[in-house]
Amino acid sequence: MKKMFKLVLLAAMVLTGGVQAQSIRNCGTMQHLHEMQKNDPATIQRMQNAERETEKWINNNSANKAAAVVTIPVVIHVVYNTASQNISDAQINSQMSILNADFRKLNSDISLLPAVFSGLAADCEIQFCLAQRDPSGNATNGIVRKSTTVTSFSSNDNIKRNANGGSDAWPSASYLNIWVGNLSGGLLGYAQFPGGTASTDGVVILHSGFGNTGTAAYPFNKGRTATHEIGHWLNLRHIWGDASCGNDQVTDTPTQQTSNFGCPSFPHVTCSNGPNGDLHMNYMDYTDDACMYMFTAGQKTRMLASLNTTRASLLSSLGCVPPSTGSCGVPSGLTATAITTTKATLNWSAVSGATSYDVQYKATSSATWILSNTTSTSKNLTGLITATPYEFQVKANCASSSSAFSPSSAFTTASACSDVYESNNSKANAKPISVNTTIIAKIAKSTDKDWYSFSTVSGATNLQVVLDQLPLDYDLTLYSSTGSQLATSQSAGTATETIIRNTTSPSSYYVKVVGFSGAFTSTSCYNLRVNTSASTFRTNQPAEFVEGNINMEKLNSSSHFVIYPNPAQNILNLNFISDENSSAVVTVVDLMGKVIEVKSISAVEGINNVEMSTSHLENGIYILRLTQNDESQVQKVVVKH
């Protein structure tokens, strides 16, 4: 018999919404496909033909190896209604760098992949360049900027047409068209599968989900929306097959029940796919950008099949080749590597005919460029300012001419910090810290766990533990003097972690800081502070539910979880008691049955709390569903701003 669970209250996790920042991934590719098939029924036959060609190529090319690394020319159509939507060259270049890392398995967060899945991850041998030659054979930087009076676009392809306020596509036989603009209805992006209409072929991305700088907004600020949508463009389906325990046409991806949102805990078992569960870190799931970081070998094969059949014309495209008119091509492929507190290495792709390169760089806030020259395709910088954003540009010098400077590429030097508390990797080695004092330390490797000890005294027994200035997703746990877990805070991303314990008894405690899914950085620190007080710290909870004053009889007799305030204006607290440490899912559904938000949480034995923002929800009635151990309970909540 499944364990029953009852529900109460405290504070732990924030679900955020905003004008441009979606709280859950909303890919419109399948909706766009249905619209396209409705408007052009011949699309169905073309896609069936493409699928047959794909299957034939896969059957004849079992080696899963590209004949050579494929480089796809890209043109970025920036369609903007406001100045902020007219994203910078630096934001565009950040997205190009992300694509080249993700499709070549060069992304640093591949190290977060659970060991049981490590054999599945693939270098897809696909890379991308901003076009250097336009359809007329002229030199270009691969960026088209189009001002529009249209305030936002949907999945109806208007963004792809000059006549509808968008920007006409470049020939899809030679270029990957990417449109970046303002999208309505919470749409993050969409793509067109092989077999669609040539004049609308490509992908569309919300400007705040593009790249990792500029307008890019959490939790889709790591450029993975473009990676996901280009996966569709190269004939990949969603990893759950767009059906309950569906088929994504790839043999090495585990069958999973449906999409995953947020940052699920590993393993997340569905569709009898235990013990390892869903491959929710795959680019074709719906998780947050920080929690997706791999393609599989099977997905690679399917994408290569597309590039050797329906999209084979791209293999002979001259889009990445500068015009052969005697002019010098503009350098592309700008990246910054080996970044420390004061150093960085700048890199770029070689330009045909170039004998040297001019490199200029500056702090982003500065008006003055620092210029140097090199015959190499890299440049080592020293003497940089710690924790400072920089940008750089490169110009090629050929025998008879020089190119223009490239668009800027951005990087930020590392923060200077040191950790004087190591080694403190276990409770037995916990380092004592002073209360009401900020300490600075770091999680320097994937196995690092930072333990600290402290005590409260009579007259200041209430405590608030705050973990902030996080470089990555870190979690916080509070333990009693005997090692019993008292509370945990597991907010998503780099949001501040806070634990509050109001009690009348002085005591000794332990606190542990760990990286979520092994997150770590050897260059950036976090701040930890334990505040103590004679006054109770505010938890936004009714008095009968505050720790130390909980009416357990009332809570244990409740058959529902507790939510308050109800009606909710901007914040809603959801509280429950769990019989065990396990995962739980909070789902917000409107009265039409549409899922508005989904959030996975790691429940601990005892008291749990989820604090949710409702400021982005329209006034009305919603259903909150809490699911744990395959059991669900629901409550009705009214949102009234």
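Out of the residues in the range 136-149 that are assigned to a loop (DSSP other than H, G, I, E, B) and surrounded by fewer than 16 Cβ atoms within 10 Å (Cβ to Cβ), state the one that is modelled with the highest pLDDT. Among them, the one singled out is T149. Would you please name the residue that is nearest to A290 (Cα to Cα), looking only at residues in the range 514-527 that are modelled with pLDDT under 90 and part of a strand (DSSP E or B)? Per the stated criteria, the residue is Y526. With respect to (1) under 20 Å from C129 (Cα atoms); (2) in contact with an Asp or Glu (Cβ under 7 Å, 6 or more places away or on another chain), the lone exception for D201 is condition (2).
Restricting attention to the range 245-264, report how many residues are within 23 Å of V588 (Cβ to Cβ) and either among the aliphatic types (A, V, I, L, M) or touching a residue at least 24 places away in the same chain (Cβ under 8 Å) (or both).
Taking the range 245-264 and keeping what is within 23 Å of V588 (Cβ to Cβ), we get 256-264.
Retained after the next criterion (residues that are either among the aliphatic types (A, V, I, L, M) or touching a residue at least 24 places away in the same chain (Cβ under 8 Å) (or both)): 256, 259-264.
Qualifying residue count for the region: 7.
What is the one condition in (1) surrounded by 20 or more Cβ atoms within 10 Å (Cβ to Cβ); (2) under 25 Å from the mean Cα position of the chain (by Cα); (3) under 23 Å from S602 (Cα atoms); (4) at pLDDT 85 or above that V511 does not satisfy? All conditions pass for V511, except number (2). Among the residues making up the range 304-338, those that are of a type in the set (G, A, S) and outside any helix (DSSP H, G or I) are S317, G319, S324, G326, S327, G329, S332, G333, A336, A338. Only a single criterion out of (1) assigned to a loop (DSSP other than H, G, I, E, B); (2) over 21 Å from S84 (Cβ atoms); (3) among the polar types (S, T, N, Q) is not satisfied by S199, namely (1).
Looking only at the range 215-235, filter to residues that are assigned to a loop (DSSP other than H, G, I, E, B) and more than 19 Å from the chain's Cα centre (by Cα); which one of those is farthest from D89 (Cα to Cα)?
The qualifying residue farthest from D89 (Cα to Cα) is N235.
G274 passes every criterion in (1) outside the structural domain of G186 (by TED's automatic domain parsing); (2) not in a loop (DSSP other than H, G, I, E, B) apart from (2). Restricting the first member to the range 221-240 and to residues that are outside the structural domain of G202 (by TED's automatic domain parsing) and within 16 Å of C291 (Cβ to Cβ), and the second to residues that are in a loop (DSSP other than H, G, I, E, B) and at pLDDT 95 or above, no beta-carbon pair is closer than 6 Å while six or more apart or on different chains.
If you filter the range 397-430 down to residues that are over 34 Å from the mean Cα position of the chain (by Cα) and either closer than 18 Å to S332 by Cα or of a type in the set (D, E, K, R) (or both), you find that the one that is surrounded by the most Cβ atoms within 10 Å (Cβ to Cβ) is S403. Count of the range 216-230 residues, restricted to those that are closer than 18 Å to G28 by Cα and surrounded by fewer than 24 Cβ atoms within 10 Å (Cβ to Cβ), is 1. Scanning the range 385-396 for residues that are buried (at least 22 other Cβ atoms within 10 Å of the Cβ) and among the aliphatic types (A, V, I, L, M) yields V394, A396.
Checked against (1) touching a strand residue (DSSP E or B) at 6+ places or on another chain (Cβ under 9 Å); (2) part of a loop (DSSP other than H, G, I, E, B); (3) among the small types (G, A, S), A410 passes all but a single condition, namely (2). One residue stands out in the range 431-463 among those that are assigned to a strand (DSSP E or B) and among the aliphatic types (A, V, I, L, M): the one that is surrounded by the fewest Cβ atoms within 10 Å (Cβ to Cβ), namely V457. Has the range 530-547 got any residue that is under 27 Å from the mean Cα position of the chain (by Cα), at pLDDT 75 or above and under 30 Å from T341 (Cα atoms)? Scanning the range 530-547, I find no residue that is under 27 Å from the mean Cα position of the chain (by Cα), at pLDDT 75 or above and under 30 Å from T341 (Cα atoms), so the answer is no. Among the residues making up the range 445-485, those that are farther than 23 Å from P264 by Cα and of a type in the set (A, V, I, L, M) are V457, A460, L463, V465, V466.
Only residues that are of a type in the set (A, V, I, L, M) and touching a residue at least 40 places away in the same chain (Cβ under 8 Å): list them for the range 339-377, please.
If we filter the range 339-377 for residues that are of a type in the set (A, V, I, L, M), which is where we start, we get 339, 344, 346, 350-351, 354, 359, 363, 367, 370-371.
Within the range 339-377, I339, A344, L346, V351, A354 qualify.
D288 meets all of the listed conditions (1) of a type outside the set (V, I, T); (2) in contact with a Cys (Cβ under 6 Å, 6 or more places away or on another chain); (3) within 30 Å of I385 (Cα to Cα) but one, namely (3). Once the range 285-303 is narrowed to residues that are in contact with an Asp or Glu (Cβ under 7 Å, 6 or more places away or on another chain) and closer than 17 Å to T225 by Cα, the residue that is surrounded by the most Cβ atoms within 10 Å (Cβ to Cβ) is M292.
The values are calculated or read from the model by the stated rules, or taken from the named source; none is laboratory data. These numbers come from a predicted model, not from an experiment. Note that we place each Cβ from the backbone using ideal geometry, even for glycine, and neighbour counts take in every protein chain shown.
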